[in-house]
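Note sheet for the following structure.
The values are calculated or read from the model by the stated rules, or taken from the named source; none is laboratory data. Keep in mind that this is a model prediction, so the values were computed, not measured. Here the Cβ positions follow ideal geometry from the backbone for every residue, glycine too, while neighbour counts run over all protein chains shown. Heads up: the accessible areas ignore ligands, DNA and RNA and are worked out on the full protein's heavy atoms, side chains in. Shrake-Rupley method; radii C 1.70, N 1.55, O 1.52, S 1.80 Å.
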Amino acid sequence: MAWTPDVKGLIQPFTALKSSVEQPYTLNYPVEKRQDVTGYRGFHVNSLALCVGCGNCQEICMNEAIDMVEATGEINPKNASGLVPRIDYGRCCWCGLCTDVCGPDSLRMEGDYTYVSADADSFLYMPKDR
Amino acid sequence: MSKATRHTDTPATSIKIFHGPQHPGVTGNMSMELDLDGETIVKAVTHVGYLHRGFEKLVERRTLIQAFTIVCRICVPEPDPNEENFARGIEELAGLEISERAKFIRVMVLELARLQAHYLWLAGQGGSIGHEVVPQWAVGERDFILDLFEALSGGRVYHMYIYPGGVKRDLPEGLLERLSDLLDRLEQRLPEYDRVFFDNAAVRKRLQNVGVVDADEAIVNGYCGPVLRGCGIARDVRRDAPYLVYDQLEFDIPTETGCDAYARALVRRAEMYQSIRILRQVIARMPPGEFQCKLPRHHKFRLPKAETYVQTESARGAFGYFMAGDGTEYLRRLQVRGPSIVHGFTLLEPLLVGAQLSDVALIMNSLGICPPEIER
Ligand code: SF4
Ligand code: SF4
């Protein structure tokens with residue numbers, strides 16, 4: 001079968017070489033850090049001064065990732081049960097439904113998304129009080 | 001089914017190898033049991049089951065709002081058509097009318113999803129033929145789209161954004177401007193992909209006349225998406241059964257007549273331009289108003305006893321949901337019909353017979369097979 005070389009098709013791909021003089025698009029981590037994104041669904045935070053211990057968050061979570069546990073520290077005087085949510089990050093899928101149903105808006109999700117610990121039990125995560 | 005079937009006898013000299021379940025041909029785990037005569041495939045059998053998570057049953061045991069967060073996980077490369085199907089099915093069953101703004105936002109999300117899915121496909125197609133440059137570019141460009149998704153929904157890959165009754169949040173400030181800038185940039189970059197990939201002599205040699213689909217069987221066997229349009233048949237759910245506001249938008253249905261992997265590549269390339277065209281119209285026409293309608297008994301609302309079938313055009317073809325309500329706050333039945341079930345069995349198995357071993361990943365990728373939606 002006769003083959004007519006496609007000269008243009010053979011040479012043109014080499015135009016990609018010009019990218020080698022471009023600046024990288026990636027960040028020079030850890031010198032440069034990613035900017036926080038407003039509304040990112042990262043780790044939970046729970047403002048204990050607002051949480052009323054109603055357990056709505058526990059009820060909506062379809063992964064059963066939320067346990068209501070005894071609160072430590074200052075809590076909302078209206079929190080009759082004295083319980084606050086603790087989240088199992090082995091089960092959570094970051095859907096954010098728990099934050100949607102939270103009446104007083106105490107449970108929220110913020111930009112943090114890295115967590116390192118040698119203690120596997122700490123993945124039963126107590127949301128930071130913010 | 002065409003020429004070869006699953007049960008063709010293999011010659012005694014053939015060697016059996018397993019291609020997969022982890023390999024560059026598909027996004028997910030699926031294995032091909034191949035019988036080879038030298039480098040040529042004489043029999044191919046698809047094996048799935050590595051990803052079965054039982055989505056359909058999981059959904060039946062969760063309230064409608066809880067189930068909404070699961071459906072996106074049925075397809076990793078393009079989760080949004082699942083969310084759209086689920087939300088639209090519920091709206092149809094419950095008789096909810098969503099606002100114009102929500103419809104436009106949903107079209108924006110779906111087209112961005114299509115665009116990023118095509119970039120991911122481009123990366124896979126490049127990877128499967130040993131092209132090193134285009135995968136890096138495509139994944140990089142996809143990341144810019146994911147940045148927008150992140151700002152819009154709070155998540156990069158699973159957005160959980162298209163919600164029964166509308167969308168979850170309103171557009172953040174400045175998102176449309178960012179989108180417009182990104183589209184300029186992407187459109188400006190697309191000709192570079194032509195030079196390096198689509199018009200590349202080596203790429204054409206690899207893709208042309210490989211994985212040739214029989215156009216006469218296409219409709220009967222239920223092929224869809226770029227596979228069908230690569231056979232010269234202009235079918236697209238957005239045009240044939242318009243949903244949201246697609247009937248008000250201008251776009252073409254690109255087709256090619258080659259029926260091979262290269263024709264499907266060109267169809268997807270043209271669709272990227274069409275998605276950009278649709279997105280520009282969405283930016284220009286985004287109406288003000290509510291983004292979410294009021295749901296009756298929000299987190300515990302009930303569906304009447306009724307059934308519906310909804311379809312969305314995904315990057316890989318028509319994606320359908322059959323949904324049945326039974327008067328409770330749970331779905332009685334959800335059935336997911338993704339394009340991959342026909343492309344991965346009915347089409348792929350006979351298509352691989354006679355193909356070369358080195359073309360297997362290429363052919364699988366060009367059909368756009370996504371195993372999670374086979375094993376929902
Ligand atoms: S975090 Fe919100 S929903 Fe959960 S117990 Fe506290 S107030 Fe209730
Ligand atoms: S984000 Fe979703 S999965 Fe995680 S704790 Fe909240 S409701 Fe449960």
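Summed over both chains, the area buried between A and B is near 2300 Å², taken from the accessible surface of protein heavy atoms with a 1.4 Å probe. Over every Cα atom in chain B, the radius of gyration and the widest Cα-Cα span, Dmax, amount to 20.8, 69 Å.
At what distance in nm do the modelled label points of B:Ser14 and B:Arg178 sit from each other, each positioned 7 Å from its Cα along Cα→Cβ? Reported label-point gap for B:Ser14 and B:Arg178 is 5.2 nm.
Within the accessible area of chain A, the carbon and sulfur atoms contribute 56%, probe 1.4 Å, all protein chains present. Among the GluC sites (Glu not before Pro) within the range B:139-228, those in coil by DSSP and having at most 16 neighbouring Cβ atoms inside 10 Å are B:Glu173. Across peptide A:55-64, the average count of Cβ atoms from other chains found within 10 Å of a residue's Cβ is 3. Sites listed here are GluC sites (Glu not before Pro) in the range B:76-129 whose DSSP assignment is loop and whose Cβ has at most 11 other Cβ atoms within 10 Å: B:Glu97.
Pairwise Cα distances in the range B:285-376 exceed 23 Å for 50 percent of all pairs.
Expressed as a fraction of 2.2 N^0.38 Å, the C-alpha radius of gyration for the range B:54-195 is 1.15. The mean of 1/r over all distinct Cα pairs in the range B:210-326, once inverted, gives the Kirkwood hydrodynamic radius of 16.6 Å. Structure remark: mean-square fluctuation, Gaussian network model of chain B, C-alpha springs under 10 Å; the largest value among B:Met108, B:Met272, B:Met286 belongs to B:Met286.
Looking at the range A:1-76, the chymotrypsin sites (Phe, Trp or Tyr not before Pro) that sit in a DSSP loop and have at most 16 other Cβ atoms within 10 Å of their own Cβ are A:Trp3, A:Tyr25. Just the number, please: Stokes-Einstein D of the range A:39-129 in µm²/s, Kirkwood Rh from C-alpha pairs, 37 °C, 0.692 mPa s. Approximately 250 µm²/s, per Stokes-Einstein. Under a 10 Å cutoff between Cα atoms, tell me which one of B:Thr255, B:Thr346, B:Thr13 has the largest fluctuation in the Gaussian network model of chain B. Most flexible of the set in this elastic network: B:Thr13.
Modelled spin labels at B:Asp216 and A:Asp36, positioned 7 Å past Cα toward Cβ, are 6.5 nm from each other.
Shielding value for B:136-142 is 1, the average number of Cβ atoms from other chains within 10 Å of each residue's Cβ. Once the Cβ-Cβ distance between A:Glu70 and B:Lys300 is put in as r, and R0 is 30 Å, what FRET efficiency do you end up with, to the nearest 0.05? For R0 = 30 Å, the calculated efficiency reads 0.60.
Exposure check, 1.4 Å probe, all protein chains in place: B:Arg156 carries approximately 60 Å² of accessible surface. If you take the Cα centroid of the range A:22-81 and the Cα centroid of the range B:167-191, the two points sit 28 Å apart. List the lysines whose alpha-carbon lies under 18 Å from that of B:Lys16, not counting same-chain residues fewer than 8 positions away? Once the sequence-local lysines are set aside, what remains near B:Lys16 is B:Lys43. Across the range A:88-127, the residues whose backbone nitrogen lies under 17 Å from the label position 7 Å along the beta-carbon direction of A:Lys78 are A:101-108. The Cα atoms of the protein assembly as shown define a convex hull whose projected area, averaged across directions, is 27.5 nm². Compare B:Pro77, B:Pro242, B:Pro135 in a GNM of chain B, Cα atoms joined below 10 Å, and give the one with the largest fluctuation. In the Gaussian network model the winner is B:Pro242. Within the range B:255-275, whose backbone N sits under 20 Å from a point 7 Å along Cα→Cβ of B:Leu190? Flagged as within label range: B:255-258, B:262-275.
Inter-part distance, the range B:96-158 to the range A:84-126, computed on C-alpha centroids, equals 27 Å.
For chain B, the longest principal axis of the Cα atoms and the long axis of helix B:175-193 meet at an angle of about 10 degrees. A 1.4 Å probe run over the protein chains yields, for the range A:39-129, 52 Å² of accessible area per residue, whole-number rounding. Cysteine residues of chain A whose Cβ has no partner cysteine Cβ closer than 4.7 Å: A:Cys51, A:Cys54, A:Cys61, A:Cys92, A:Cys93, A:Cys95, A:Cys102.
The contact residues of the range B:36-82, meaning those that lose at least 10 Å² of 1.4 Å-probe accessible area when all protein chains sit together rather than their chain alone, are B:Arg62, B:Ile65, B:Gln66, B:Thr69, B:Arg73.
Residues in chain B average 36 Å² of solvent-accessible surface per residue, probe 1.4 Å, ligands and nucleic acids excluded.
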